[in-house]
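K.L.:
Can you read through this structure? Questions will come right after.
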Amino acid sequence: MTTAAKPVVARSPGAAVLARGLLYGLLIGGAIVALLPTLWMISASFMATGEANSYPPHFLPHAPTLDHYRTLFSRLSLGRYLANSTFVSIVVTVLSLAVNSLAGYALAKLRFKGRDRLFRGLALGLVIPVQVSMLPLFLLMKSLHLVNTYWGVIIPGMASIFGIFLIRQYALAIPEDLLDAARVDGASELRIYRSVVLPVITPILATLAIWTFLATWNDFMWPLIILSDDRRFTLPVALAALSGEHVQDTELMMAGSVVTVLPVLLAFLILQRYYVAGIMMGSVKE
Amino acid sequence: MKRGPEGAQARAAWYFLAPALVLIGLFFFLPVAASLLLSVTDFDIYALGNASLARFVGLGNYANLIHNPTFWTAVKNTFYFALVGGPLTVAVSLGAALLVNARAVRLRGVFRTVYFTPFVTTLVAIAVVWRYLYHPRYGLLNYLLAHVGIGPIDWLGDPRWAMPAIIVMAIWKNFGYNMLIFIAGLQSIPEELYEAARIDGAGALRRFRHVTIPQLAPTFLFVGVVTMIGYFQLFAEPYVMTGGGPLRATTSLVLFMYEEGFRWWRMGVAAAIAFVLFAIILIWTLLQMRLQRERA
């Protein structure tokens with residue numbers, strides 16, 4: 001990333017300064033645009049009721065208050081939705097890591113008949129929009145009595161074709177010798193997976209973990225469909241419902257948005273190396 | 001099955017694959033196939049209570065859609081969002097990537113992270129925030145526009161402006177993802193190509209046209225296809241910000257499908273809408289790949 005500045009082709013020093021100024025102007029302008037909505041959301045969440053609806057608008061609260069957060073967590077039981085989202089996201093992440101890593105490794109390294117055909121068949125699924133499956137999936141969940149349950153949210157997220165591909169791509173690089181040596185020592189395939197493969201693929205597991213966690217936390221349409229009892233709502237579903245009822249309470253809704261966004265934003269900022277690795281791997285073609 | 005070590009490996013492979021295949025088969029491929037069946041029945045709220053009440057109607061649902069003005073509005077809105085929003089998002093992403101990747105810039109990592117944060121935020125929460133930024137009287141956007149002499153616009157309340165408003169928010173939310181892919185693409189262009197162009201006396205603009213753009217072609221294809229597929233599935237933004245209004249100006253195909261299926265429980269009709277969406281996405285993806293191949 002830190003390539004040293006190469007000598008610029010002969011140009012007058014004035015033009016170079018101007019170009020550099022323009023470059024930084026655009027960069028900083030872009031940064032302001034990228035950050036402003038989120039910063040305003042945080043700022044407005046501390047404003048007194050009605051202050052966000054003043055003209056000219058306030059950028060900072062005159063007398064910062066935690067009232068809206070108190071209301072959210074006491075009267076509107078946002079703590080419950082926070083717990084629901086955390087529970088669902090963690091369970092999906094843990095279970096999907098196990099399921100996808102087993103399958104991804106098998107597709108990459110274990111020899112069996114029909115492996116390539118299976119791989120191509122799964123790839124077909126990548127072009128099908130998930131909404132096509134949602135209506136019968138709801139009926140299936142209904143017949144399994146999983147509508148309005150956490151499992152109804154969790155189960156469809158447990159295996160993902162994208163996740164399997166990500167793991168497979170990474171596992172292809174495991175040296176054959178490493179596996180064969182373990183086999184000669186008489187280790188079972190499950191044992192090899194646990195003590196040889198898992199340690200090697202840890203970086204991609206971290207990537208898939210943060211991806212899955214963020215995607216599950218941010219998911220909206222399926223939880224909206226499958227959950228009907230508001231005690232089981234995840235944060236985005238609860239926030240959408242609340243914002244319908246409390247359209248006028250700008251500051252309250254900003255506080256609700258902060259509670260919904262902040263956990264994923266922090267998770268991303270701490271683990272961004274792994275998250276970005278997923279994007280790079282995902283964009284690599286076969 | 002074979003005996004010996006090879007057979008043991010194959011057996012293990014199927015055990016390893018079984019959980020994933022059962023889950024994906026049962027909760028994705030099976031529903032997709034069932035969706036096709038559903039779309040040729042009149043499955044409604046009565047059938048929801050007792051599935052035997054659903055009757056075969058052939059292509060009746062599709063035929064009814066053709067005569068349903070709301071369907072055509074949803075198709076039009078979805079294409080509007082994807083065909084205007086998609087290319088704009090790709091253009092902004094490339095612009096951001098070029099800026100952040102410029103050699104003269106310090107703190108490139110910081111800018112990259114800042115530009116990327118909108119992408120990881122929760123769409124519903126961000127839609128709630130933008131609904132207030134677009135407020136006709138108190139919104140930040142109209143306040144800033146007033147400074148350059150543009151009068152107040154009722155962004156989400158005016159049928160002409162509602163979709164552009166949603167497009168602007170979508171660009172803001174999504175450009176960071178494509179930007180990262182463009183950066184990776186830019187960094188994989190061999191420096192010698194630029195050197196050679198420089199020696200031939202090509203200026204910055206010519207180098208961009210004749211080196212950067214052709215070298216980025218595969219990246220363009222990937223970014224274009226992924227963005228368009230995502231944009232054809234527009235749902236949460238209008239659901240939260242406008243409810244599909246005003247005057248249906250932001251009702252997308254997926255929102256229409258959701259309303260038909262899960263509000264009115266006309267699941268046969270909704271399944272037909274889902275397949276129209278699938279067809280659009282499939283045709284569009286093939287078309288884009290074909291165009292790319294012809295140009296190459």
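K.L.:
Does at least one position in region B:246-268 carry a residue that is in contact (Cβ under 8 Å) with a residue 60 or more places away in the chain, over 22 Å from residue A:138 (Cα atoms), at the interface with another protein chain (Cβ under 10 Å from one of its Cβ atoms) and buried (at least 21 other Cβ atoms within 10 Å of the Cβ)?
P.N.:
no
K.L.:
For the subset of region B:63-107 comprising residues that are within 17 Å of the chain's Cα centre (by Cα) and among the small types (Gly, Ala, Ser), which member is most open to solvent (accessible area, probe 1.4 Å)?
P.N.:
Of everything passing the filter in region B:63-107, B:91 is most open to solvent (accessible area, probe 1.4 Å).
K.L.:
I'd like the full set of residues that are loosely packed, with under 15 Cβ neighbours inside 10 Å and part of a helix (DSSP H, G or I), limited to region B:178-194.
P.N.:
Listed by number, the residues that qualify are B:187, B:191, B:192.
K.L.:
A follow-up question, please. Just to check your reading of the model, which residue among A:109, A:142, A:113 is under 30 Å from residue B:49 (Cβ atoms) and charged (D, E, K, R)?
P.N.:
A:142
K.L.:
May I pose another question? If residue A:183 satisfies every condition in (1) open to solvent by less than 70 Å² (accessible area, probe 1.4 Å); (2) within 19 Å of the chain's Cα centre (by Cα); (3) not aromatic (Phe, Trp, Tyr) but one, which is the exception?
P.N.:
(2)
K.L.:
Right, next: Taking helices (runs of 4 or more DSSP H) that do not extend beyond region A:143-192, which have at least 2 residues that are within 21 Å of residue A:208 (Cβ to Cβ) and either in contact (Cβ under 8 Å) with a residue 12 or more places away in the chain or out of contact with any strand residue (DSSP E or B) (no Cβ under 6 Å at 6 or more places or on another chain) (or both)?
P.N.:
Here the list reads A:150-154, A:161-171, A:189-192.
K.L.:
Of (1) facing chain B (nearest Cβ under 10 Å); (2) assigned to a helix (DSSP H, G or I); (3) over 21 Å from residue B:258 (Cβ atoms), residue A:93 satisfies all except one. Which?
P.N.:
(1)
One line per residue, one yes/no per condition, for (1) touching a Ser or Thr at 6+ places or on another chain (Cβ under 8 Å); (2) hydrophobic (A, V, I, L, M, F, W, C):
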position	(1), (2)
B:165	no, yes
B:169	no, yes
B:179	yes, yes
B:214	no, no
B:217	no, yes
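K.L.:
Tally time: how many residues in region A:31-67 are modelled with pLDDT under 90, surrounded by fewer than 15 Cβ atoms within 10 Å (Cβ to Cβ) and under 16 Å from residue B:128 (Cβ atoms)?
P.N.:
Of the residues in that region, 0 qualify.
K.L.:
Restricting to region A:123-141, and then to whatever is more than 7 Å from chain B (Cβ to nearest Cβ) and either farther than 18 Å from residue B:235 by Cα or assigned to a helix (DSSP H, G or I) (or both), can you tell me which residue is most open to solvent (accessible area, probe 1.4 Å)?
P.N.:
Top of the filtered list is A:124.
K.L.:
In addition: Determine if region A:196-205 includes at least one residue that is within 11 Å of chain B (Cβ to nearest Cβ) and not basic (Lys, Arg). Give the steps one after another, and end with the answer.
P.N.:
The first filter runs over region A:196-205 and keeps only residues within 11 Å of chain B (Cβ to nearest Cβ), leaving A:197.
Those still in the list that are not basic (Lys, Arg) too: A:197.
Yes, region A:196-205 has at least one match.
The values are calculated or read from the model by the stated rules, or taken from the named source; none is laboratory data. All figures in this text were calculated on a predicted structure; none of them were measured in a lab. Neighbour counts run over all protein chains shown; Cβ positions are idealised from the backbone, glycine included. Protein only, heavy atoms only, side chains kept; ligands, DNA and RNA dropped before computing areas. Shrake-Rupley method; radii C 1.70, N 1.55, O 1.52, S 1.80 Å.
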